[in-house]
1. Would you confirm, using the coordinates I've provided, whether ARG31 is in a loop (DSSP other than H, G, I, E, B), farther than 26 Å from ARG153 by Cα and at pLDDT below 95?
2. Suppose we keep only residues that are open to solvent by 60 Å² or more (accessible area, probe 1.4 Å), in a helix (DSSP H, G or I) and in contact (Cβ under 8 Å) with a residue 60 or more places away in the chain within segment 142-180. Which one would you say is nearest to LYS102 (Cα to Cα)?
3. Restricting to segment 103-150, name every residue that is at pLDDT below 90 and basic (Lys, Arg).
4. Residues SER70, SER39: which one is free of Cβ contacts under 8 Å to residues at least 24 places away in the same chain, in a helix (DSSP H, G or I) and either among the β-branched types (Val, Ile, Thr) or open to solvent by 30 Å² or more (accessible area, probe 1.4 Å) (or both)?
5. Could you tell me how many of the residues in segment 43-60 are modelled with pLDDT of 90 or more, over 30 Å from GLU154 (Cα atoms) and open to solvent by less than 60 Å² (accessible area, probe 1.4 Å)?
6. Counting only residues that are in a helix (DSSP H, G or I) and either among the basic types (Lys, Arg) or more than 17 Å from LEU8 (Cα to Cα) (or both), which one in segment 107-137 is most open to solvent (accessible area, probe 1.4 Å)?
7. Filter segment 43-67 down to the residues that are of a type outside the set (S, T, N, Q) and not in a loop (DSSP other than H, G, I, E, B) and list them by number.
8. If the requirement is being open to solvent by less than 50 Å² (accessible area, probe 1.4 Å) and modelled with pLDDT of 95 or more, which of these qualifies: LEU8, LEU25?
Amino acid sequence: MSAPIFGLLLVGGKSERMGRDKALLSYGGERTQLERSASLLSAVCKKTFISLRREQHFDLPPGTDVIYDSVDEVAGPLCGILSAMAAHPEANWLVVACDLPKLKKETLQRLVSSYHLHSENLIAYKSKHGDLPEPLCAIYPSGKGGELLALAREIGRFSIRELLIIKKARLIDQDDPESLININTNEEYEAILDRQ
């Protein structure tokens, strides 16, 4: 039987360029990015978890649980992903960043369908800026955490994109490139609000 797909929403970043927590931003509606993104993951995953640093505290969206960073030797998003894989090694992980305001359920469904269709290996969307993986809208299969950690140690870097390139992750084209636009600065935030 195939391993279940759990959702992991990465909100552990420090939002230094934004100057405020990106997970708590709202884009013209009442729901925060934390609530909206968790809802999208919950629609396509068996369980949904919020990835946090130990010092962070959020009111969790209904039906979600928290996984705190626990892999001390790595940093950034890779720490959140490996911590989730260590906490629930039986699961495949659909990982999404919290700063994708245009993300759609259909985008996640297509990724899940492609994952099942292609031998359940590392899979990610192809960046609209070339043939590079989008590591923060990707599926990380069960049993791959040790390999990714060993590879990060070997190359001496924690770039998830680089790890996916080396591991030859399957890349799929984006149907809607707008869906994976990420927002990192107040200027980008204001610009996307103006376009709505």
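1. On the way: in a loop (DSSP other than H, G, I, E, B): yes; farther than 26 Å from ARG153 by Cα: yes; at pLDDT below 95: yes.
For ARG31, the condition - in a loop (DSSP other than H, G, I, E, B), farther than 26 Å from ARG153 by Cα and at pLDDT below 95 - is met.
2. GLU178
3. LYS128, the sole residue that qualifies.
4. Working: SER70 fails: in a helix (DSSP H, G or I).
After ruling out the rest, the residue left standing is SER39.
5. Qualifying residue count for the region: 4.
6. Going residue by residue through segment 107-137, those that are in a helix (DSSP H, G or I) are 107-117.
Keeping just the survivors that are either among the basic types (Lys, Arg) or more than 17 Å from LEU8 (Cα to Cα) (or both) gives 110, 113-114, 116-117.
On the way: ARG110: 76, SER113: 73, SER114: 17, HIS116: 93, LEU117: 132 Å².
Within segment 107-137, the match that is most open to solvent (accessible area, probe 1.4 Å) is LEU117.
7. Just the residues of segment 43-67 that are of a type outside the set (S, T, N, Q), to begin with: 43-47, 49-50, 52-55, 57-63, 65-67.
Of everything in segment 43-67, those that are of a type outside the set (S, T, N, Q) and not in a loop (DSSP other than H, G, I, E, B) turn out to be ALA43, VAL44, LYS47, PHE49, ILE50, LEU52, ASP65, VAL66, ILE67.
8. Numbers: LEU25 fails: modelled with pLDDT of 95 or more.
None of the other options fit; the residue is LEU8.
The values are calculated or read from the model by the stated rules, or taken from the named source; none is laboratory data. What you see is a predicted model; the values in this text were computed from it and never measured. Neighbour counts are summed over all protein chains in view; Cβ atoms, including those assigned to glycine, are modelled from backbone coordinates with ideal geometry. For accessibility, only protein heavy atoms count, side chains too; no ligands or nucleic acids. Shrake-Rupley method; radii C 1.70, N 1.55, O 1.52, S 1.80 Å.
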